[in-house]
Ligand code: GCU
C-alpha cells in the first residue's frame with residue numbers, strides 16, 4: 001500500500017498515526033536483549049482481510065487474549081479486521097517493511113514474496129484433512145519455509161485451517177474440466193493457483209479478495225474458488241449460486257510477523273506469542289468445522305446449490321503441476337517428499 005493511502009486511512013481516524021511508528025518508540029521491547037527483566041510492554045498491530053463474524057477473526061481474538069495472559073500483560077495484540085489496512089499483498093508489504101507488526105494471510109498470497117510458499121497451493125497435494133493437519137503441525141519443511149524469509153523482513157509463526165477450496169460460479173454447474181472451458185475464474189495472486197486453473201481448463205483471473213464480490217456482480221469473472229465461508233461471510237453466495245466440491249486445495253492461512261519487531265522482543269515475549277499461536281491454531285480446527293456447517297446451511301438459504309462430483313478428472317488434469325514443481329529444484333523435490341512422508 002502506498003504511504004499516501006496509509007496516511008489517508010490514519011487521517012480519517014480508522015487507525016491512529018501511531019501505527020506508522022511500527023515497532024519504534026513506545027513499541028520497542030528491549031532492543032534485542034533477551035533478558036526479560038526489563039522487557040517493556042508492547043502493543044502489536046495485526047491486520048487481516050476477513051470480517052468480524054469470520055471464524056479466523058475469532059481465533060485471532062483468541063490469539064490476542066492468550067498472548068496477553070501468557071505474557072502477564074507485557075504483549076498486547078490489537079486487531080484490524082476487514083482489510084481496513086489494505087489487501088493481503090499490501091499488508092504483507094507493510095509487515096516486510098516493519099510498518100505493521102503482524103498479519104494473517106493466505107499462504108497463496110505469500111507465494112508472490114517467496115516462491116517456496118507455492119507448495120501450499122499445489123492442487124491435491126494434501127490427500128485428506130488428516131494429512132494436511134499432520135504436515136502443517138509436524139513437518140520440518142513447513143518450518144523451513146516459515147523461517148526462510150527472515151532476511152526478507154518477515155517470518156511465519158503459525159497457521160490456521162482455511163478449509164478446502166472448491167470452484168463456484170454465478171450459475172454454471174461445473175462437473176468436469178470440460179465445463180471449465182471459457183470460464184473466467186478468479187484466483188489468488190499466486191503463480192501456482194494461476195497454473196492450476198489453466199490446467200483444469202478455465203481462464204484464471206488473479207485479483208485481490210476484496211474485489212471478488214463486485215467482479216462477480218459485474219460479470220468481470222464467471223466464478224471463483226474458495227472455502228464455503230466466502231459465500232456467507234463475504235456474501236459471494238448472493239451472486240454465485242453453483243458451488244462444486246472440486247476440493248482442489250487446502251491452502252492454510254499463515255500468521256506472519258515482521259522480523260524487525262520479532263527481534264526486538266524478549267525471549268519470554270516471543271514464547272508467549274508463539275504458545276498463543278499454537279493454542280489458537282488448535283482450537284480453531286474445531287471452530288472451523290462448525291463454521292463450515294453453518295456456512296453451508298446459510299448458503300443454501302441464500303439459494304446456493306452444492307454439487308458433489310467425482311473429482312478424478314480434476315485430479316488428473318492438475319497432476320502435471322506436481323511433476324513440474326518437483327523438477328524445478330532439488331529443494332522443491334525435498335519439500336514435496338517431506339509432505340508425502342506424512343501420508344498414512
Ligand atoms: C481465504 C483466505 C483469505 C484469502 C482468501 C482469498 O478466504 O482465508 O486469507 O484472502 O481465501 O481467496 O483471497
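The values are calculated or read from the model by the stated rules, or taken from the named source; none is laboratory data. This is a predicted model, so every value here is computed, not measured. As a convention, Cβ positions derive from the backbone with ideal geometry for all residues, glycine included, and neighbour counts pool all protein chains shown.
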Task: Some residue of region 240-258 being in the same structural domain as residue 130 (by TED's automatic domain parsing) and farther than 20 Å from residue 136 by Cβ - done: yes
Open item on the list: Looking only at region 188-203, how many residues end up being buried (at least 22 other Cβ atoms within 10 Å of the Cβ), outside any helix (DSSP H, G or I) and within 15 Å of the ligand (Cβ to nearest atom)?
Closed with: 2
Open item on the list: Of the residues 329, 281, 295, only one is surrounded by 14 or more Cβ atoms within 10 Å (Cβ to Cβ) and more than 30 Å from residue 262 (Cα to Cα); which?
Closed with: 295
TODO: Hey, can you tell me all the residues within region 91-115 that are more than 13 Å from the chain's Cα centre (by Cα), buried (at least 21 other Cβ atoms within 10 Å of the Cβ) and assigned to a helix (DSSP H, G or I)?
DONE: 94, 95
Open item on the list: Restricting to region 177-190, count the residues that are over 22 Å from the mean Cα position of the chain (by Cα) and closer than 14 Å to residue 242 by Cβ.
Closed with: 3
- [ ] Evaluate region 192-204: report whether one residue or more is out of contact with any helix residue (DSSP H, G or I) (no Cβ under 9 Å at 6 or more places or on another chain) and free of Cβ contacts under 8 Å to residues at least 40 places away in the same chain.
- [x] yes
TODO: Answer with yes or no whether residue 185 is within 13 Å of the ligand (Cβ to nearest atom) and either outside the structural domain of residue 112 (by TED's automatic domain parsing) or in contact with a helix residue (DSSP H, G or I) (Cβ under 6 Å, 6 or more places away or on another chain) (or both).
DONE: yes
Open item on the list: Quick check on my filter: what residues within region 144-176 are assigned to a helix (DSSP H, G or I) and either out of contact with any strand residue (DSSP E or B) (no Cβ under 9 Å at 6 or more places or on another chain) or farther than 29 Å from residue 271 by Cβ (or both)?
Closed with: 144, 150, 151, 152
- [ ] Can you confirm whether region 119-127 contains a residue that is closer than 29 Å to residue 300 by Cβ, surrounded by fewer than 19 Cβ atoms within 10 Å (Cβ to Cβ) and either over 16 Å from the mean Cα position of the chain (by Cα) or assigned by TED's automatic domain parsing to the domain that holds residue 103 (or both)?
- [x] yes
Task: residue 206 crowded, with 20+ Cβ neighbours inside 10 Å and within 14 Å of the ligand (Cβ to nearest atom) - done: no
Open item on the list: Condition first: within 11 Å of the ligand (Cβ to nearest atom) and crowded, with 23+ Cβ neighbours inside 10 Å. Now tell me which residues in region 38-58 satisfy that.
Closed with: 48, 49, 55, 56
